[in-house]
1. How many residues are within 13 Å of ligand 2 (Cβ to nearest atom) and touching a Lys or Arg at 6+ places or on another chain (Cβ under 6 Å) when one looks only at segment 24-47?
2. If I go through segment 5-34 residue by residue, how many of them are within 15 Å of ligand 1 (Cβ to nearest atom) and among the polar types (S, T, N, Q)?
3. Just the residues that are touching a helix residue (DSSP H, G or I) at 6+ places or on another chain (Cβ under 9 Å) and of a type in the set (D, E), please, taken from segment 46-87.
4. Please work out if S184 is under 20 Å from the mean Cα position of the chain (by Cα), within 22 Å of L22 (Cα to Cα) and more than 16 Å from ligand 2 (Cβ to nearest atom).
Amino acid sequence: MSMLEVRNLTKRFGGLVAVNSLTFDVEQGDILGLIGPNGSGKTTTFNMLSGAYKPTEGTITYNGERLDGLKANKICKKGLTRTFQVVQPFPDLTAVENVMIGAFSQTGRGGEARERAMAVLKRVSMEKDALKLGKELTLLQLKRLEIAKALATEPKLLLLDEVAAGLTSTEIDDVLELINQLHSEGITFIVIEHVLKVIVNLSHRIIVIDFGKEISRGTPDEVMNDPAVHAAYLGEEATIA
Ligand SMILES: Nc1ncnc2c1ncn2[C@@H]1O[C@H](COP(=O)(O)OP(=O)(O)O)[C@@H](O)[C@H]1O
Ligand SMILES: [Mg+2]
């Protein structure tokens, strides 16, 4: 049994098929890359896996248990958590308070939530920034905070939605190091990413989607050499080349 089994996952918005019959497995310890041009259905896939959207069709099975139709907080409690493409901390709360909101999904006690939040900030090298306000953080700190918020829910399978977007090359290296560290600590990942360096460095396997449908899958090498992938990215050459 795989950790995650996705079968014929489909989401329609009216006449638009945003995700079209995706089928894939994620094994414990995997880092699966999910890539595709803008609007190809990547975030919608995460929205279904994390319970924000109910699939129109298809099933999601996590550790043998059906998740499709469950509420986001139930799914999160089971250890499947996602980060958001658009990082939106509470601007007037401190970093540690922002993380405590995630920690409250696992504990109802304020003192314990704060302790957990501090421990998580340490894991993402942000202990010195714990008392800074959300609005005072740099983009790199915000990305780390976004990962910290997710870590506070104690994920076993973590879905990262474009964590590298907007970062400089050096900052991307920092994020790569962080993800590799968390992976070595036992977290399994599905990573959506536009930045090729991140996907090729991190992913064990990659699935490429276009208009919601799978067009390629394989190792980073196989996928990057697939003409179908290059055709899909025409006009977006700058990000894939
Ligand atoms: N809540 C929604 N209502 C209607 N259409 C949506 C909604 N969310 C996403 N879409 C559409 O679904 C398609 C896939 O979007 P998305 O999953 O965000 O793409 P990606 O993350 O790959 O850029 C796009 O055409 C987008 O406009
Ligand atoms: Mg997206």
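Every number in this text was worked out from the coordinates using simple rules, so none of it is lab data. Nothing here was measured: the structure is a model prediction, and the numbers come from that model. Ideal geometry is used to build each Cβ from the backbone, glycine not excepted, and the neighbour counts take in all protein chains shown.
1. 4
2. Matching residues across segment 5-34 total 3.
3. Matches in segment 46-87: D68 only.
4. No; evaluated as a whole, the condition is false for this residue.
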